[in-house]
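Data block below; observations after.
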There are 2 protein chains.
Amino acid sequence: LHPLVERITAGDRRAAARAMTLIENDAPEKRALLRELYAFGGRAHIVGFTGSPGAGKSTLVDQVIAYLRGQGQRVGVLAVDPSSPFSGGALLGDRIRMTRHSADPGVYIRSMGTRGAVGGLAKAARDVLYVLEAYGCDVILVETVGVGQSELDVLTVADTVGLVLTPGAGDHVQTAKSGIMEIADVYVVNKADLPGADMLVREIELMLRDKSSFREDWRPPIVRTVAAQGAGTDELWSAVTNHLAHLKHGGWRAHRRRKRHREETMAVLLSMFRRHVEWLADEYPDWQDILEGAAGEDPQTGAEALWDRLGLARRPGGDP
Amino acid sequence: LHPLVERITAGDRRAAARAMTLIENDAPEKRALLRELYAFGGRAHIVGFTGSPGAGKSTLVDQVIAYLRGQGQRVGVLAVDPSSPFSGGALLGDRIRMTRHSADPGVYIRSMGTRGAVGGLAKAARDVLYVLEAYGCDVILVETVGVGQSELDVLTVADTVGLVLTPGAGDHVQTAKSGIMEIADVYVVNKADLPGADMLVREIELMLRDKSSFREDWRPPIVRTVAAQGAGTDELWSAVTNHLAHLKHGGWRAHRRRKRHREETMAVLLSMFRRHVEWLADEYPDWQDILEGAAGEDPQTGAEALWDRLGLARRPGGDP
C-alpha cells in the first residue's frame, strides 16, 4: 500500500488532506493514489444537499452532522462551490463550522472550487470522495452552493440527493428548474414553521402525483424540517437511509456503480487515444497535415484516412 | 456533386433550408453533404454580434444587413438562441425581419436552437454556416441572444466578434463578464446618443490600455452607433473589415482554420474510437466486464488492460 493511503486508512487527517491536494493538483502521484483508493469506493453513503442560496442548507447539514455524530458515525463533508476557483480547507460559511469540529476526528470537512477540476467538477469530486471513504467516513455529505448545471453534475456522485426548499422565497415548484426537481430523492421543506409550508408541500405532492413513473422506482418522500431548531432531522435521516436501502435492495446501487465505472474507464481510454494520436502527429508530418486539413479535405475524410492507418484489429486478438 | 449541394450553389433557397434541416436532424445524408460543403468553408466573412439583451443587437444587425445589401453583397444571418429547443425559420424577433426580406434572394435568415446541437452548439452552427457559404453569402452575421457560456462557444466560429454595449443598462466594463470582454474584436457602443456614452467609451479605453498584449496582435477599436437611426453603421463595418484584413495579413485566419480543422478531425476520430470500443464491448463479454469493473479493478487499470488489447501500432506502418 502507498504510505499515504496507509496513513489515511489509519485515520491520519493530515495524510487525507495531503492526498486530496495531490489529487486536485493533478500531481504525478495522483494516478497511483487513485488506483489504490478506488477499492474504498462505495463504503460510505454519499448524500448530496442542494437548493437555492438561503434555503438553509448549511444549517441543515450542521444538524445532520450533529445527529450522525450522536450515533457514533464518522462524517465527511464536501462543500462544492463551482463559482470559486479555490479548493482546500475553508470556503463558504465553513470557517466557523470547521473551527467547531476541529477537535473531533469523527468529522472531516473539505471545500472544493474549480481549481482541481480539469476533467470536470463531478470527476474531481468523485476522486476526492475516495479519500474520505478511505479515511473511514460512514456518511459523506456533499453540499452545493446553488442549483446551476455544475451543481447538478456534481450531484451525480451522490447516492441520495436531498433538495432543500423553503416556503415563500420564490421556491415554488412551478418556478424551480425541472432539472433540479428531477434529481431529488428526498424533498426537504425547511423552515417548515413559516407560513406557506403546507402550500409548498401540497405543490410538491401534486407534481409527484402527475408523474407516470419514477426514476429507479423510487417515489421521493417529502420531509419537513426546521433546521434552526433542529426539528425534523431524525425524519430526514430516516428518509435518506430508506432511499439507500431501496437502491441496494433493487440493485440500483450496483447498476449505478457499473455505469459510472464504464464512463470513467471510457474517459481514460479516450484520453489515451487522444495522446496516442497527438504523439503520432508530433512524430509524422503527414499525420499533422491530415489533422490540419492541409490538402483541403474535410475532417470526416481526414479522420477516416487516419483511422485506417491506425490498423486497429477488427477483432481483439487479431482474428479476421 | 450531391444534387442538393448543386442546387444550393445555384442559389436555391429551399435546397439550402432542406440541407440545414438534414444537418441539424443528424440525417443519414449529413456526412455526405458536409463532405462536399466543406470546400466552401472560409468563403464568407463570419461576423458575430453579442451583448446583453436590450443592447440593440437586432436593430444593429438590421442596419448592417441594409448597409451590405446597398453594396450588393449577399448576406446570411444565423440567429442562435441556446435557451430555445427549436431551430429553423422563425425565432427571436425574426418573424418580422424575415417577412421584410422574404422577397430578397440576397438575404438568408436562419434561427438555431439546441435541437440539432448534439455535438455542441458551436459545431452545429459551424455545420450550418457551410450551407450559407455554399449558398454564396459574402457575409454571415451570427447573432446571439445573451452572453452565456453557450453563446461564447458559438462565437468561436466567427472571424470577427462585435460586442454590443450600451450606456447605463448595467453594461459597465467592470461588471461585464471578463470572458465576453476578451473575445471582442470590435467594441460597439450602441445608443451612443444616450448620456453615459462617453463614460462607457472611456471605461473601455482604460481597460484596453491596461492590457499588456492583445490576442492575435489586434487592438480592438471602439465604434459608436445609434442603430435606431442608422448612425455609425459605415464606421462599424469599416472596423469589421479592417479586422478581417488583419487576420488575413497576419496569417491568423489560416492559423485559426488549421486549429479548428484539427479539433474537428480529432473529434471525429474520438467518436470513431468510442464506437469501436463499444462495439468490442458488445461482442466480447470480457471487454464489457473490464469496462464495468466487474473484477473490482480501478478505471485506470482497466483502461490500460483494454488499451494493450487494442494492439495499436507503436509507429504507423508497423515499424518497430
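The values are calculated or read from the model by the stated rules, or taken from the named source; none is laboratory data. Every value quoted in this text rests on a predicted model; they were computed, and no experiment measured them. For neighbour counting, all protein chains shown are included, and Cβ atoms are generated from backbone atoms with ideal geometry for every residue, glycine included.
Kindly indicate which of A:13, A:69 is surrounded by fewer than 16 Cβ atoms within 10 Å (Cβ to Cβ), over 30 Å from residue A:268 (Cβ atoms) and among the basic types (Lys, Arg).
A:69
Taking the criterion of being closer than 19 Å to residue B:36 by Cβ and buried (at least 24 other Cβ atoms within 10 Å of the Cβ), the residues of region B:128-156 that qualify are B:128, B:129, B:130, B:131, B:132, B:134, B:135, B:137, B:140.
Only residues that are farther than 18 Å from residue B:288 by Cα and free of Cβ contacts under 8 Å to residues at least 24 places away in the same chain were counted across region A:252-279, and they come to 8.
Highlighted here are the helices (runs of 4 or more DSSP H) found entirely within region A:222-320 that include at least 3 residues which are over 30 Å from residue A:45 (Cα atoms) and within 14 Å of chain B (Cβ to nearest Cβ): A:252-283, A:285-292, A:299-310.
Checking the structure you have, find out if any residue of region B:228-240 is within 30 Å of residue B:184 (Cβ to Cβ), of a type in the set (S, T, N, Q) and exposed (fewer than 15 other Cβ atoms within 10 Å of the Cβ).
Yes, the conditions are met somewhere in region B:228-240.
Kindly check whether there is at least one residue in region B:252-266 that is hydrophobic (A, V, I, L, M, F, W, C) and closer than 15 Å to residue B:160 by Cβ. Yes, some residue in region B:252-266 is hydrophobic (A, V, I, L, M, F, W, C) and closer than 15 Å to residue B:160 by Cβ.
Say we look at region A:58-74 and pick out the residues that are modelled with pLDDT under 95 and of a type in the set (S, T, N, Q); which of these is farthest from residue A:144 (Cα to Cα)? Of everything passing the filter in region A:58-74, A:63 is farthest from residue A:144 (Cα to Cα). Which of the residues belonging to region B:206-251 are over 24 Å from residue B:157 (Cβ atoms), touching a residue at least 60 places away in the same chain (Cβ under 8 Å) and not hydrophobic (A, V, I, L, M, F, W, C)? The answer is B:230, B:234. Residues that are under 19 Å from the mean Cα position of the chain (by Cα) and at pLDDT 85 or above were ranked within region B:91-109; the one that is surrounded by the fewest Cβ atoms within 10 Å (Cβ to Cβ) is B:107.
Considering (1) within 19 Å of residue B:78 (Cβ to Cβ); (2) in a strand (DSSP E or B); (3) not acidic (Asp, Glu), the lone condition that residue B:187 does not fulfil carries the number (1). Selection of region B:185-205 for residues being touching a residue at least 40 places away in the same chain (Cβ under 8 Å) and of a type in the set (A, V, I, L, M, F, W, C) yields B:186, B:188, B:192. Here residue B:216 passes the criteria (1) within 7 Å of chain A (Cβ to nearest Cβ); (2) of a type in the set (Asp, Glu); (3) within 30 Å of residue A:289 (Cβ to Cβ) except the one numbered (1).
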